[in-house]
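Student: I'd like to ask you about the structure that follows.
The values are calculated or read from the model by the stated rules, or taken from the named source; none is laboratory data. Bear in mind the structure is a predicted one, so any value in this text is a computation, not a measurement. Note that we place each Cβ from the backbone using ideal geometry, even for glycine, and neighbour counts take in every protein chain shown.
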């Protein structure tokens, strides 16, 4: 999932001496359905300023609590060690309307996100999979609840994490308090139908300023491997591995992130009858909502290689270079592929390169300009992006 860079961001934060505060971000972004070659909105007949009408991307009340942090509101959430993508809540999900908290307990830290997801259908969505005979279940009448937890055990040079993510959508909105309990097994807690996944991660700091990480996810596990009678659904997995860090050259630094990621062809899917519980993020946009993967950057049945490197020259310029190579089966997605075993055929899908220059001009204002292009199976598409940001803080 990759959305165009916003044309501008404005963020204001007010915080008391006790650490309690509020922050709000408004964003001007070209309509998501407009051609993606240029992120500056180009006027059209009957639509002279083609920007998204929903401007609010963050509105948070936050406070320190029990040594951790509590946040309530529209917010961006990152879970896991990667800065490029995620197998729990992907780093490119713009925001969630959620309650978030982190709670440190010695070397253990518990983080949980409880959110509701957009339940209006996108242009291409799971409606064709739903059983019309199931009463009181469907778009607009069924809420979609997300409960995502991560337990991180931190040592000097190692961090081990366990993520548990559940998605719920049931006839008559039959939710239970057990759906959102932090220390609880939804899998065998008899709380009702749910789409649960487990994510194991390990992060290592072998040398100062450099990290290595591995992430392994399971959405379903077929016990036939051990001679136990089980369904025909295969073991559903996802894998992520990467390197991240900073090199210093006097006052100049080089930040880098590189990773490989692979997803099973049913990663994020769920039973057809209750397909609203699939790991889908619907972004309210002008027109119908966009349908995007929630728990991976590119969806099921994908293999990607990505690198981002940024040279930072203090008080002058940041230069970011990025590259992405993507393979996958174009016939596989989260919206119209049934929850059954099938074959996969990997094909080249995308090669993307880009360069972005960012300059801080003072008073919290920064300007960015970038260019690059996408090499697709049917040709090449150039990209040009301009953006600005203003961040204001007051106490």
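Student: Residues 319, 355: which one is loosely packed, with under 14 Cβ neighbours inside 10 Å, under 28 Å from residue 243 (Cα atoms), in contact with a strand residue (DSSP E or B) (Cβ under 7 Å, 6 or more places away or on another chain) and modelled with pLDDT of 95 or more?
Tutor: 355
Student: Further, regarding this structure: Can you tell me how many residues within segment 54-83 are farther than 22 Å from residue 180 by Cα and touching a strand residue (DSSP E or B) at 6+ places or on another chain (Cβ under 8 Å)? Write out each step before concluding.
Tutor: First pass over segment 54-83, keeping only residues farther than 22 Å from residue 180 by Cα: 54-59, 81-83.
Imposing the further condition that a residue be touching a strand residue (DSSP E or B) at 6+ places or on another chain (Cβ under 8 Å) reduces the set to 55-59, 81-83.
Qualifying residue count for the region: 8.
Student: Residue 86 fails exactly one of the following numbered conditions: (1) more than 30 Å from residue 16 (Cα to Cα); (2) touching a strand residue (DSSP E or B) at 6+ places or on another chain (Cβ under 7 Å); (3) in a loop (DSSP other than H, G, I, E, B). What is the number of that condition?
Tutor: Condition (2) is where residue 86 drops out.
Student: Go through segment 278-311 and give me each residue that's surrounded by fewer than 17 Cβ atoms within 10 Å (Cβ to Cβ) and either touching a helix residue (DSSP H, G or I) at 6+ places or on another chain (Cβ under 6 Å) or over 20 Å from residue 383 (Cβ atoms) (or both).
Tutor: Of everything in segment 278-311, those that are surrounded by fewer than 17 Cβ atoms within 10 Å (Cβ to Cβ) and either touching a helix residue (DSSP H, G or I) at 6+ places or on another chain (Cβ under 6 Å) or over 20 Å from residue 383 (Cβ atoms) (or both) turn out to be 284, 286, 287, 288, 311.
Student: Check residue 220 against each of (1) crowded, with 20+ Cβ neighbours inside 10 Å; (2) at pLDDT 90 or above and name the one condition it does not meet.
Tutor: Result: residue 220 fails condition (2) only.
Student: A further question follows. Within the bounds of segment 147-163, is there any residue that is crowded, with 17+ Cβ neighbours inside 10 Å, in a loop (DSSP other than H, G, I, E, B) and under 24 Å from the mean Cα position of the chain (by Cα)?
Tutor: no
Student: Continuing with the same structure: How many of the residues in segment 89-119 are assigned to a strand (DSSP E or B) and surrounded by fewer than 17 Cβ atoms within 10 Å (Cβ to Cβ)?
Tutor: Going through segment 89-119 one residue at a time, the tally reaches 8.
Student: Can you run down the residue pairs with Cβ atoms below 6 Å, 6 or more apart or on separate chains, where the first is in segment 294-317 and within 20 Å of residue 275 (Cβ to Cβ) and the partner is surrounded by fewer than 16 Cβ atoms within 10 Å (Cβ to Cβ)?
Tutor: Taking only residues 6 or more apart or on different chains, the pairs are 301/344.
Student: Given the structure, is residue 131 at pLDDT below 95, at positive phi and either surrounded by 13 or more Cβ atoms within 10 Å (Cβ to Cβ) or in contact with a helix residue (DSSP H, G or I) (Cβ under 8 Å, 6 or more places away or on another chain) (or both)?
Tutor: In short, no.
Student: Then there is this: I'd like to know if segment 124-138 contains one or more residues that are outside any loop (DSSP other than H, G, I, E, B), under 30 Å from residue 241 (Cα atoms) and in contact with a strand residue (DSSP E or B) (Cβ under 9 Å, 6 or more places away or on another chain). Working first, answer last.
Tutor: Of the residues in segment 124-138, the ones outside any loop (DSSP other than H, G, I, E, B) are 126-129.
Remaining after also requiring under 30 Å from residue 241 (Cα atoms): none.
Scanning segment 124-138 turns up no residue that is outside any loop (DSSP other than H, G, I, E, B), under 30 Å from residue 241 (Cα atoms) and in contact with a strand residue (DSSP E or B) (Cβ under 9 Å, 6 or more places away or on another chain).
Student: Looking only at segment 168-191, filter to residues that are more than 28 Å from residue 102 (Cβ to Cβ) and in contact with a helix residue (DSSP H, G or I) (Cβ under 9 Å, 6 or more places away or on another chain); which one of those is surrounded by the fewest Cβ atoms within 10 Å (Cβ to Cβ)?
Tutor: 190
Student: Can you name the residue in segment 251-267 that is part of a strand (DSSP E or B) and under 18 Å from the mean Cα position of the chain (by Cα) and, of all such residues, is surrounded by the fewest Cβ atoms within 10 Å (Cβ to Cβ)?
Tutor: Filtering first and then ranking leaves 260.
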